[in-house]
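Working notes, beginning with the structure itself.
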Amino acid sequence: MDQFIRTGEAKRAGEARKLPVDSQTLWRDAPSPPPELAWHGDAAAIHFSGPGLAEMCRTMRKPAFVVRLPSGALGVGVAGALADPGQSPTLPLAGLVPAFYPEWLGCRSFAERHRTRFAYVVGEMAHGIASARMVEAAGKAGFLGFIGTAGLAPTKVEDMARGVKAALEPLGVAWGANLIHSPGDSGLEGALVDLYARLGVPCVSASAFMSITPAIVRAAALGLTRDSKGRARRARALFAKISRPETARLFLSPPPAEMLRALVATGQLTEGEAELASHLPLAEDVTVEADSGGHTDNRPLAVALPRVAALRDELALKFSYDRRTRIGAAGGLGTPAAVAAAFALGADYVLTGSVNQAAVESGLSPAARAMLANVDVADTAMAASADMFEMGVKVQVLKRGTMFAARANRLYDLYSRYDGLSELPLEARATLEKDIFQAPLEHIWDETRAFFAARAPAEIDRAEQDAKHQMALVFRWYLGNSIRWAIHGDPTRRVDYQIWCGPAMGAFNSWSAGSFLGDPEERTVEQIGKNLLEGAAAIQRAQAFRSMGVATGADCFQFSPRRLQ
């Protein structure tokens, strides 16, 4: 079969010659190939398989030579040097793999913007499970940590934030706090935004938002100014944790114009802040949360992250942004292989959650952390959520060793079928009082009334007019207290512990078994994170060797935890 091939002369003349083509045809004017590069050194330092080759993958901080034997086999070594082909003894050089560091995983701008060593985030687990101690440890390890403020009173949040600020800001280390969507208490969102602005919290992570609220717009826009070059400069970085493209679109777009105008009209933003905000994406870092503990849509990361990244690029063109929004990955990241896969998908940073609950700095009780240490990948379940109970929202929780998931779902089933506590069948009511509440429902309502009277009196007024809402509040008593029982380690309520957990916890346990991280008391935020990143870098190194034709075995893609500095 003939086809047109442009020769060097024809290219210059802008013409083409018709030449016969077969497997032996070469470009007529192609330059002669350069002399083959060679490697000079001790052949015993070259590894072709087995533990030696696997160790070359883990020695990623040194450049590696890929050399070829006369038989055609490819091996790897870090010793020796480039040489002329005539120098003896030599082997042909098939490739050179540069040194690589865990600090280079992800987008370099992440570390520059947030003053971290690694593109790694310790996520904001609610009710202070991501404790002040955990965030401080994360910052000192070179990570970015977020205080888990959901479910905490603003006074408690302020105490935690002041402590972290005092510990990390003298070190020049960034940190952050969570802002969770509170559809039942919009005033709480606003109060936290005011608190974060007053304290100068450098990073805020918005989670569970299903729509844009005035508070989240203020979190992003307050303090916006221009730098000496006229570019917008944010007073704080807003992260957004999302799992759906439609939600991602909200945070990758500028704030709604009508909301900006309303905030200016009420004095909550200046005209200058609103004008700058109208040209920027609401968030500058968007975390795609795949199947994870707690609130989750159970999406696979390999589907969700590329979709959101493509949406990011589409909206950047539409709105003519002058800077790139970073896209991070979360959910299912409990092993080096999972972290490496996230970066291979194009994640600019990674965020871990479930595995950090098992760390000694976690706000969970030792009893709850011990339960997490026995989790396998199938030991989780979806259960009714405390904060969005009436909406039917579910969270992923630990199933092994606790009856919480079954009992929480039983409560939601009863809520769906009946319009008030008085309509519950006597047998069902008796079971609730004996097994779940361990008290008469009237006593539970008295406790619930006292709680909301101090925190949200409107809920009591509504419950007195709406029997179904009263039932929801009573059922939420169990859902809310089950978290506190796990945090405080109440021994009488062990089977009712609500522990947010995804399959990543089981994967982490399997990977760390037999190593020092297999011991729950050795699990620190620093060692968990650094081992995940070190292992991910080693896997990337193994993939580089494989792409050059080296026969990398399964052991090249394995990394055992070790104590890291």
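Rule-based calculations on the coordinates, nothing more; no lab input. Computed from a predicted model, the values in this text were never measured in an experiment. Because the Cβ atoms are built from the backbone with ideal geometry, glycine has one as well, and the counts that use them run over all protein chains shown.
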Discussion item. In the chain, if the dipole is taken from +1 on Lys/Arg beta carbons and -1 on Asp/Glu beta carbons about the Cα centre, which of ALA538, MET60, LEU345 is farthest to the positive end?
Written reply: MET60
Worksheet, complete the sentence: The aspartates and glutamates whose Cα lies under 16 Å from the Cα of LYS156, excluding any fewer than 8 residues away in the same chain, are GLU124, GLU189, ASP194
Worksheet item: Computed over the Cα atoms of region 435-494, what is the convex hull's projected area averaged over all directions, in nm²?
Response: 4.3 nm²
Worksheet item: Tell me, what is a quarter of the convex hull surface for the C-alpha atoms of region 46-145, in nm² with one decimal?
Response: 9.5 nm²
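At 0.36 nm per residue, and after removing the present C-alpha to C-alpha distance, how many nm does the segment from VAL495 to TYR101 gain when stretched out fully? If you can, show how the numbers build up before the last one.
Working: separation 394, 0.36 × 394 = 141.84 nm, distance 4.38 nm.
Full extension from VAL495 to TYR101 adds 137.5 nm.
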Practice prompt. Rounded to whole Å and sorted largest first, list the principal axis extents of the Cα atoms in the chain.
Written response: 92, 57, 57
Discussion item. Based on alpha-carbon atoms only, what is the radius of gyration of region 158-265 relative to the globular estimate 2.2 N^0.38 Å?
Written reply: 1.11
Worksheet entry | Value of Rg to Rh for region 103-364 (Rh from inverse mean 1/r over Cα pairs, i.e. Kirkwood) | 0.93
Worksheet item: Separation of region 122-151 and region 475-512 by C-alpha centroid, Å?
Response: 18 Å
Fill in: Mean Cβ count within 10 Å, highest first, over the residues of peptides 167-174, 197-204
197-204, 167-174
Practice prompt. Rounded to the nearest 0.05, what FRET efficiency do LEU426 and ASP376 give with R0 = 30 Å and r taken as the Cβ-Cβ distance? Could you check?
Written response: 0.15
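Identify the GluC sites (Glu not before Pro) of region 455-555 meeting these criteria: DSSP loop state and at most 12 other C-beta atoms within 10 Å of the C-beta.
Working: sites: GLU459, GLU464, GLU521, GLU522, GLU526, GLU534; in loops: none.
Listed in order of number, the matching sites amount to none.
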Worksheet item: Setting aside same-chain residues fewer than 8 positions from LYS434, which lysines have a Cα under 26 Å from its Cα?
Response: LYS394, LYS399, LYS468
Worksheet item: Across bins of 5 angstrom width beginning at 0, how are the C-alpha pair distances of region 478-560 distributed, in whole percent?
Response: 3, 12, 15, 15, 15, 13, 9, 6, 5, 4, 2, 1
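Could you order peptides 101-108, 228-235 by the average number of other Cβ atoms within 10 Å of their residues, highest first? Working shown, then result.
On the way: 101-108: 18.8, 228-235: 11.5.
Ranking the peptides 101-108, 228-235 by packing returns 101-108, 228-235.
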Worksheet, complete the sentence: Treating only Lys and Arg (+1) and Asp and Glu (-1) as charged, each at its beta carbon, one finds that the chain has a dipole about its Cα centre, in Debye to the nearest 20, of 1380 debye
Fill in: Interatomic Cα distance distribution for region 391-453, bins of 10 angstrom, percent
18, 46, 35, 2
